[in-house]
Amino acid sequence: MRSNQILIALTSGDSPALGNIWRITAKKADFYLDPIGEPGRSFHLSVHGPNGRFDGHRFHIKMDRRAVSAARARGHFVHHGIPRGGQAFDGESIPGTKAFRVARIRWTWHLQRKRFRSAAVSGPAPELSDHQSGARMATPLAPNSTWDIDVVVSYGEPHWTDPVTTLRRNARLGPLRNEAGLWLTATSHHRLPLTSPTPPDLCPRPPRLDESPNRIMGGGLGPHGAAGMYWFVETVTSRELIKASAAADR
């Protein structure tokens, strides 16, 4: 059976999932990317292929306002500036190809640190069904490094970023194909923020020694704005900083 869904999780050896578990799904003429569980239901990133409404493709991030309200009512901190109709963006065009880097999911090494472990856990690591493929990253990250999943959508055939290295390292996920003939691939990378910096607004500082750790996910466009890809950053910050941000939001 061809896989129509990819599940991705960071762990630390045999630990539960650290940060959100992410899901990428092929459905009809579209692809969807979202984290599993609350408050993950508050939003999704969609890739719409050619259909009866438009030619070409459309990349789009959208909030579910009812899910946002429900998450807030249960005490989750959800803050966003996405318009009611959602936010479209272009993706990062890969020169010489018909492929676009649509999103990067980044987990920071703070999630695996022992002092933050209880705050970083989101739930059991996923088990895969017949229609799913996936990756569970259990290798310890080097201090201050990140684990990235780069998501690419292409026409005609699957496109793999850094094809030789990702094949040799078994760092490929997918491909998925939708009914519009678009392909989606995902590749796994270990990076250092010095050479591939995280957008500063998406990664709050880690907790100080006198603060309480709390996991958090930030999302937004990178340095190229709507002409680039969308970033999602999983990390650990302080509960005190989140409460201060929530109070300012109100």
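Quick notes on this structure:
- Given R0 = 51 Å, the distance between the Cβ atoms of F77 and V164 translates into a calculated FRET efficiency of 0.75.
- Calculated [222 nm] ellipticity per residue, helices only, for the chain: -3000 deg cm²/dmol; basis is -39500 (n - 2.57) per DSSP H run with n ≥ 4, divided by all residues, nearest 500.
- Carbon + sulfur, % of accessible area of the chain - ligands and nucleic acids excluded, 1.4 Å: 50 percent
- Annotation for T195 and S69: the two label points, set 7 Å from Cα along the Cα-Cβ direction, are 4.8 nm apart.
- Per residue, the chain exposes an accessible area of 51 Å² to a 1.4 Å probe, with every protein chain left in place.
- Computed over region 61-103, the convex hull of the alpha-carbon atoms projects to a mean area of 3.9 nm².
- Using equal-weight Cα scatterers in the Debye expression, the normalised intensity of region 33-173 in log10 at q = 0.16 Å⁻¹ is -1.20.
- Charging the Cβ of each Asp and Glu at -1 and of each Lys and Arg at +1, and nothing else, the dipole of region 47-138 about its Cα centre rounds to 540 debye.
- Working from label points 7 Å from Cα in the Cα-to-Cβ sense, the S145 to S118 distance is 2.9 nm.
- Packing around the peptides 73-81, 178-186, 17-25, taken as the average count of other Cβ atoms within 10 Å per residue, puts them in this order, highest first: 17-25, 178-186, 73-81.
- Dipole magnitude of the chain about its Cα centre (Cβ charges: Lys, Arg +1; Asp, Glu -1), debye to nearest 20: 420 debye
- Taking the inverse of the mean 1/r over every pair of distinct Cα atoms in region 103-250 gives a Kirkwood hydrodynamic radius of 17.1 Å.
- Proximal lysine pairs, the chain, alpha carbons under 29 Å, eight or more residues apart or interchain: 7
- Dipole check for region 97-234: with +1 at the C-beta of Lys and Arg, -1 at the C-beta of Asp and Glu, and the Cα centre as origin, the magnitude is about 440 Debye.
- Calculated over the chain: convex hull of Cα atoms, volume per residue (Å³): 140 Å³
The values are calculated or read from the model by the stated rules, or taken from the named source; none is laboratory data. None of the values given here were measured: they were computed from a predicted structure. Methodologically, a virtual Cβ is constructed for each residue, glycine included, from the backbone with ideal geometry; neighbour enumeration extends over all protein chains shown. Please note that ligands, DNA and RNA were not included when accessible areas were found on the heavy atoms of the full protein model with its side chains. Shrake-Rupley method; radii C 1.70, N 1.55, O 1.52, S 1.80 Å.
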